[in-house]
Amino acid sequence: MQLIKGHWQLIVLTGIVFALWNTPVMIPLKILVVFLHELSHAVTVVLTGGQVESLTISTNQGGMVTARGGSRFLSLSSGYLGSLIIGVALLVAALRTKADRIIMAVCGGVTLLVTALYIRDGFALIFGIGTGVAMLAMSRFLGHGINDLVLRVIGLSSMLYVPYDIFSDTIARSELRSDARMLAEEFGGATVMWGGIWLVISLCVIGLCLRYGLGPDSNLHWRKPPVEASVRRPVRRLR
């Protein structure tokens, strides 16, 4: 009972995300999660000494990074797991800190920077610029509560999408040319094996987040601004 009382908003939000997942309403959010997936590939390439040539996302919720050099093993493994870590970080930051507007501004700035550096095709360019500007506008003109809620939705959606996507792309449809299939072709093993490893890791990370990241109360408390009490002062009459 205490669990439900302390986290009822997050439970409701999870139910809403699941209920609307296959509706057009969620398409922009799904594409944003795909962007985080491709961003994780790109960051890993750069951190392991490689060079990113381009990054793209599409209307059918696909994406691709073209790169040279870097660790092929780590860059292929980082798509699903990297976007999961980003999702966990955004959710925990929204739940446990008051820096929501700063975090939203950083997200917007990073999105615009990645768009300027690596994206060249039409749809991805429009999406990257639009998303980055929207995030900066939210951080500037909207309050803490709205920014907190949006970060929760993004983080939660990325967390939920990763294990589902891993299972769908690497286990249920192992014939697809996924990151796991390319990893199997280049380093051995089977697509299902790599997908299974990633699935177990993702579920463990989500479990640790729920166990240690939520705290006793994750509900967002909307506080009204304090109303200053009027003070009646005695009127002095001058004679």
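List every residue pair whose Cβ atoms lie under 6 Å apart, where the two residues are 6 or more positions apart in sequence or sit on different chains, the first residue falls within the stretch 150-165 and is over 12 Å from Leu29 (Cα atoms) and surrounded by fewer than 20 Cβ atoms within 10 Å (Cβ to Cβ), and the second residue, located anywhere, is of a type in the set (S, T, N, Q) and modelled with pLDDT of 90 or more. Close Cβ pairs (under 6 Å, with a partner that is of a type in the set (S, T, N, Q) and modelled with pLDDT of 90 or more) amount to Pro163/Ser202.
The condition of being part of a helix (DSSP H, G or I), surrounded by fewer than 19 Cβ atoms within 10 Å (Cβ to Cβ) and either touching a Phe, Trp or Tyr at 6+ places or on another chain (Cβ under 8 Å) or modelled with pLDDT of 90 or more (or both) does not hold for Met135.
Here the condition is being touching a residue at least 40 places away in the same chain (Cβ under 8 Å), surrounded by 12 or more Cβ atoms within 10 Å (Cβ to Cβ) and more than 24 Å from the chain's Cα centre (by Cα); of Met193, Met182, it holds for Met182 alone. Whenever a residue of the stretch 49-64 is touching a residue at least 40 places away in the same chain (Cβ under 8 Å) and assigned to a loop (DSSP other than H, G, I, E, B), its partners that are of a type outside the set (Asp, Glu) and surrounded by 12 or more Cβ atoms within 10 Å (Cβ to Cβ), lying with C-beta atoms within less than 8 angstrom and at least six residues away or across chains, give the pairs Ser58/Phe123; Ser58/Ala124; Thr59/Ile31; Thr59/Phe123. Total residues in the stretch 105-122 satisfying the condition of being part of a helix (DSSP H, G or I) and farther than 15 Å from Leu29 by Cα: the figure is 12.
Only one of these is in contact with a Leu (Cβ under 8 Å, 6 or more places away or on another chain), of a type outside the set (Ser, Thr, Tyr) and within 26 Å of Tyr164 (Cα to Cα): Gly62, Gly87, Gly109. Name it. If you could, list the steps in order and put the result at the bottom.
Details: Gly62 fails: in contact with a Leu (Cβ under 8 Å, 6 or more places away or on another chain); Gly109 fails: within 26 Å of Tyr164 (Cα to Cα).
Just one listed residue meets the conditions, Gly87.
Out of curiosity, is Asp121 out of contact with any Lys or Arg (no Cβ under 6 Å at 6 or more places or on another chain) and either within 30 Å of Val200 (Cβ to Cβ) or surrounded by fewer than 16 Cβ atoms within 10 Å (Cβ to Cβ) (or both)? Criteria met by Asp121.
Before we move on, is Gly87 closer than 26 Å to Asp217 by Cα and in a helix (DSSP H, G or I)? Before the answer, list the steps.
Working: closer than 26 Å to Asp217 by Cα: yes; in a helix (DSSP H, G or I): yes.
It is true that Gly87 is closer than 26 Å to Asp217 by Cα and in a helix (DSSP H, G or I).
The values are calculated or read from the model by the stated rules, or taken from the named source; none is laboratory data. In this text, all values refer to a predicted model and were calculated from it rather than measured experimentally. In this analysis, Cβ positions are derived from the backbone assuming ideal geometry, glycine residues included, and neighbour counts consider all displayed protein chains.
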